[in-house]
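The values are calculated or read from the model by the stated rules, or taken from the named source; none is laboratory data. In this text, all values refer to a predicted model and were calculated from it rather than measured experimentally. Cβ coordinates were reconstructed from backbone atoms using ideal geometry, including for glycine residues, and neighbour counts include every protein chain displayed. With ligands, DNA and RNA removed, areas are computed over all heavy atoms of the protein, side chains included. Shrake-Rupley method; radii C 1.70, N 1.55, O 1.52, S 1.80 Å.
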Amino acid sequence: MKKIQKTMNFLPFLLISAFYFLQCPAFAAQKSYVVYLGAQSDFAAEFSADANEIVTQSHFELLESFLQSKEKARDAIFYSYTRCINGFAAILEEEDALEIST
């Protein structure tokens, strides 16, 4: 029980340290963005693995068209919304996010 309490006391320190580390200038230009592409189509409402894969692949292709690199697009996207909405979450430069939003 004491070991759990020590771990729980240490956890806020880790979270705060991680927060401040991510706020340093090296990370300032890149932030997480959610790219909302609208309501999910009826096609993806089937919730099949194939439908989800097709939607996810379209997210990579869209971001690739802006970043001009398949590898950068794959590295940037960390979550694809494939069920209720159509969109994705990605780590992007502010300029790229602005370009996508227009």
Open item on the list: Need pairs with beta-carbon distance below 8 Å; first residue under 16 Å from residue 101 (Cβ atoms) and in contact (Cβ under 8 Å) with a residue 40 or more places away in the chain and within region 59-87, second open to solvent by less than 60 Å² (accessible area, probe 1.4 Å) and assigned to a helix (DSSP H, G or I); sequence gap 6+ or separate chains.
Closed with: 86/44; 86/55; 87/59
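Do you know which residues across region 76-96 are farther than 22 Å from residue 52 by Cβ and open to solvent by 20 Å² or more (accessible area, probe 1.4 Å)? Spell out how you get there, then give the answer.
So the first thing to find is which residues in region 76-96 are farther than 22 Å from residue 52 by Cβ, and the list is 92-96.
Hits for region 76-96 are 93, 94, 95, 96.
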Task: Subset of region 45-86 (residues that are touching a Ser or Thr at 6+ places or on another chain (Cβ under 9 Å) and on the phi > 0 side of the Ramachandran plot) - done: 47
- [ ] Tell me which residues, restricted to region 29-51, are closer than 12 Å to residue 87 by Cα and modelled with pLDDT of 80 or more.
- [x] 33, 34, 35, 36, 37, 38, 39
